[in-house]
Amino acid sequence: MGIEADFLCVCFLFFLTFVAPYRIKLLEKAPHQGNINKELADNIPWKLKGNNESLIRRMRNTGPNDVVSKNITIILEDLLKNYESSQLPSHGKGHPTVVQTNILIRSMGPVSELDMEYSMDCYFRQYWRDQRLSFVGPIKSLSLSIKMLERIWRPDTYFYNGKNSYVHTITVPNKLLRISQDGDILYSMRLTIKAKCPMELKSFPMDRQSCPLLLGSYAYTSRDLVYHWQNDKSVNFVAGMTLSQFDLMSYPSRNFTFKRREGEFSVLEVSFNLQRHTGYFLIQVYVPCILIVVLSWVSFWIHREATSDRVGLGITTVLTLSTISLDSRTDLPKVRYATALDWFLLMSFFYCIATLLEFAGVHYFTKVGSGEIPIDEDEWEDCDERTEFIGSTASDLLMENSDNRRRRSSIVCPIYNTTSLYQSPKRTSLVSSIQTSPSVKVTVEKTTQTECKLARWKQFLYCLKGDDKFRKQRQREAAALDLNTRGHHGSIRHVNSVSLIDRVARIVFPASFCLFNLFYWMTYIMTQESFKWGDNKLNPQSH
């Protein structure tokens, strides 16, 4: 027994002299290697602890995180050791893999009518379960680098109506991968999606549009892969998000199956129901057009002798409407049908052009201008009339003669020829009385041939034909009416008085335009259809 006790004492002294200092040096040089943890530090003899308290404290503070990192690496290597990334998680189990999806939209717009597309910036998240990646450990979920995506299976999701979508890569690719102990995987990315939005613009700018977003698998049929929305609120928006030109009315979502040549595919759809703001178009188009049409009616109160003024005003309003019309169509596609805005602009054009045509009618039927239509001397003699002057003295006759000469320059077709007053007794007879008084009035009596009055429709046909004979006859009738009025009433009635056509137009044009506006706004506002699921118009041959 004495020999054994001596041997143990020698071994203990050897341990204290050589082995213990060597282990301490290893801990100082490589504190991050091996499974160094609190248990290792606690197993060191008490005396060693007392002599190296600073070293033991550093071991306890730095050891656990490095141990966890080492364990995660070991776990992932063990999980991916026999992992086949080309096979679905449900391969060989007789049921499809279910992928749950949700979207958080950060911003939306612009919505382009010209290209019939819209864009949005969103967080696109997908969830599925892969039991081959389940593990047991102290950590409930692992947040991994996106490099792990290349080594595991992930759904081949794409957007059916997408046009130019991309993943944000500044400053690094905006992707996230997280795996839980049960094998549940979260795959999230930040996307900017540009998608087609077929629009019906017949009611533009009082229209409502429904812009869909369709997503599904590119290669896996519904027997292998099925998509579901995660819950009833799988599509959400960041608080305070607004669109510049639309109001977002609703955004319903649904699942359905789409048949393609390869089979049936599971598809998710969300429809963004939008209603357009009309305030911009009211300020920029509707109100200016209404004011321009009202401005064209000013010509009804301008004298019909002011030809250049009335025509110039009408041409100006037409050209202004043309400018507004061209500007309003720049952001619209060249559709085969007329929009609500087009109908309003067309009606505004109609009223401005009708104002010009109204003046043409006034000019043709009733305008007898001051020297604008010269009349030959022969035409003066064609007026087959008999006029008798009853005056007091020769001075009155001469005064009347000078008045007639002045009137000749202001009336196109007078009824009598003043130059034949003394020379042609066949047409004019002069009876003078020696007894005169200042109170005697000069009167004119005229007799004209009885003419058959033409029907209204014949007058209209002559107007369209531009018959000169009919026009001259109208001029003679107007001059005869003027002379007759002066002879019976003792006062001059001007031929160029307000036209009856102008008087009627002052009432008809504003009243009809107000009725048109009432009918227009009631038609497009009261008959707006409610949103409903439309045909997606997915072409099986194009997918």
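The values are calculated or read from the model by the stated rules, or taken from the named source; none is laboratory data. What you see is a predicted model; the values in this text were computed from it and never measured. A quick note on method: Cβ atoms are made from the backbone with ideal geometry, for glycine too, and the neighbour counts reach across all protein chains shown. Just the protein is used for accessible areas: all its heavy atoms, side chains included, with ligands, DNA and RNA removed. Shrake-Rupley method; radii C 1.70, N 1.55, O 1.52, S 1.80 Å.
So, by mean Cβ neighbours within 10 angstrom, what's the order for 459-466, 286-293, 524-531 with the highest one leading?
With the highest mean Cβ count within 10 Å placed first, the list reads 286-293, 459-466, 524-531.
Which links in LYS196/LYS334; LYS93/LYS196; LYS93/LYS194; LYS140/LYS175 stretch past 28 Å when you go from one Cα to the other? Walk me through the numbers before you get to the answer.
Numbers: LYS196/LYS334 17 Å; LYS93/LYS196 38 Å; LYS93/LYS194 37 Å; LYS140/LYS175 20 Å.
Beyond 28 Å: LYS93/LYS196; LYS93/LYS194.
Measuring with a 1.4 Å probe in the full set of protein chains, what accessible area per residue, in whole Å², belongs to the stretch 166-220? Mind dumping the intermediate values first?
Details: 2340 Å² over 55 residues.
Accessible surface, normalised per residue, equals 43 Å².
Trypsin sites (Lys or Arg not before Pro) within the stretch 226-307: which are DSSP loop residues with at most 12 other Cβ atoms inside 10 Å? Each step should come with its number before you reach the end.
Details: sites: LYS233, ARG254, LYS259, ARG260, ARG261, ARG276, ARG304; in loops: LYS233, ARG261, ARG304.
Passing both the DSSP loop test and the Cβ count: LYS233, ARG261.
Based on the Cβ-Cβ distance of LEU104 and SER250, what FRET efficiency does E = 1/(1 + (r/R0)^6) give at R0 = 22 Å, to the nearest 0.05?
Numbers: r = 17 Å, r/R0 = 0.79.
About 0.80, to the nearest 0.05.
On the protein heavy atoms, probe 1.4 angstrom, tell me the percent of accessible surface of the stretch 125-221 carried by carbon and sulfur.
On the way: 2390 of 4730 Å².
Here it works out to 51 percent.
Write down the percent of antiparallel bridges among all DSSP beta bridges whose residues are both part of the stretch 74-193, to the nearest 5.
On the way: 31 of 31 bridges.
Expressed as a percentage, antiparallel bridges in the stretch 74-193 total about 100.
Counting other Cβ atoms within 10 Å, keep those with at most 13, restrict to DSSP loop, and tell me which trypsin sites (Lys or Arg not before Pro) in the stretch 102-146 are left.
Numbers: sites: ARG106, ARG125, ARG129, ARG132, LYS140; in loops: LYS140.
Sparse-neighbourhood loop trypsin sites (Lys or Arg not before Pro): LYS140.
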